[in-house]
1. Could you list all residues from region 1-27 that are within 14 Å of ligand 2 (Cβ to nearest atom) and small (Gly, Ala, Ser)?
2. Looking at (1) near ligand 1 (Cβ under 10 Å from one of its atoms); (2) farther than 21 Å from residue 111 by Cβ, which is the one condition that is false for residue 91?
3. Can you give me the number of residues within region 20-42 that are in contact with a strand residue (DSSP E or B) (Cβ under 9 Å, 6 or more places away or on another chain), open to solvent by less than 50 Å² (accessible area, probe 1.4 Å) and either under 18 Å from residue 62 (Cα atoms) or within 11 Å of ligand 1 (Cβ to nearest atom) (or both)?
4. Taking the conditions exactly as written (touching a residue at least 40 places away in the same chain (Cβ under 8 Å) and polar (S, T, N, Q)), does residue 31 satisfy them or not?
5. In the set 63, 108, 59, which member is more than 14 Å from ligand 1 (Cβ to nearest atom), free of Cβ contacts under 8 Å to residues at least 40 places away in the same chain and of a type outside the set (D, E, K, R)?
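The values are calculated or read from the model by the stated rules, or taken from the named source; none is laboratory data. Values in this document were obtained by computation on a predicted structure and should not be read as measured data. FYI the Cβ positions are ideal-geometry reconstructions off the backbone, even for glycines, and counts take in every protein chain you see. Quick note on the areas: whole protein, heavy atoms, side chains included, nothing else; ligands and nucleic acids left out. Shrake-Rupley method; radii C 1.70, N 1.55, O 1.52, S 1.80 Å.
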Amino acid sequence: MDCIFCKIVKGEIPSRKLFENDRVLAFYDIQPAAPAHALVIPKKHIASMNEAEEEDRELLGELLLTAKKVAGELGIAESGYRLINNVGPDSGQIVFHIHIHVLGGEKLGGLNVKS
Ligand code: 5GP
Ligand code: ZN
């Protein structure tokens, strides 16, 4: 499948990994929108929240808990951070493999921080 993040999961495209287990992967965003900017993805291809199913309930929870863990590793747990999940064209989603942005390391602006 022609999906950038599936290729990152398979190691066909390199990434700076922060955390990995059998189900999820976290790595630095290639074009950081804040001093700390990581992405958390499932290894399973799900295009966006619109394609997530009831059977993905646990996996979606694990994404959020992994985002928390990554925030800790990035040293921004106490200073604070923002988790963003873009869904579809109006959100600016450009990679259609579900991912949670972990953004922090500075006082974040309005909700348009990602655009
Ligand atoms: P979206 O707008 O889809 O929510 O965000 C996709 C994010 O993926 C963007 O912040 C973009 O910088 C990041 N990204 C796109 N391609 C790559 C890549 O090949 N490697 C990494 N590490 N990040 C990527
Ligand atoms: Zn994918």
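1. If the condition is that a residue be within 14 Å of ligand 2 (Cβ to nearest atom) and small (Gly, Ala, Ser), then 11, 15 are the ones that fit.
2. The failed condition is (2).
3. The qualifying residues number 13.
4. Working: touching a residue at least 40 places away in the same chain (Cβ under 8 Å): no; polar (S, T, N, Q): yes.
In short, no.
5. Numbers: 63 fails: more than 14 Å from ligand 1 (Cβ to nearest atom); 108 fails: free of Cβ contacts under 8 Å to residues at least 40 places away in the same chain.
Being more than 14 Å from ligand 1 (Cβ to nearest atom), free of Cβ contacts under 8 Å to residues at least 40 places away in the same chain and of a type outside the set (D, E, K, R) holds for just one of 63, 108, 59, which is 59.
Conditions (1) of a type in the set (A, V, I, L, M, F, W, C); (2) loosely packed, with under 12 Cβ neighbours inside 10 Å; (3) within 16 Å of ligand 2 (Cβ to nearest atom); (4) farther than 20 Å from residue 3 by Cβ, marked per residue:
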residue	(1), (2), (3), (4)
66	no, no, no, no
85	no, no, yes, no
89	no, yes, no, no
109	no, yes, no, yes
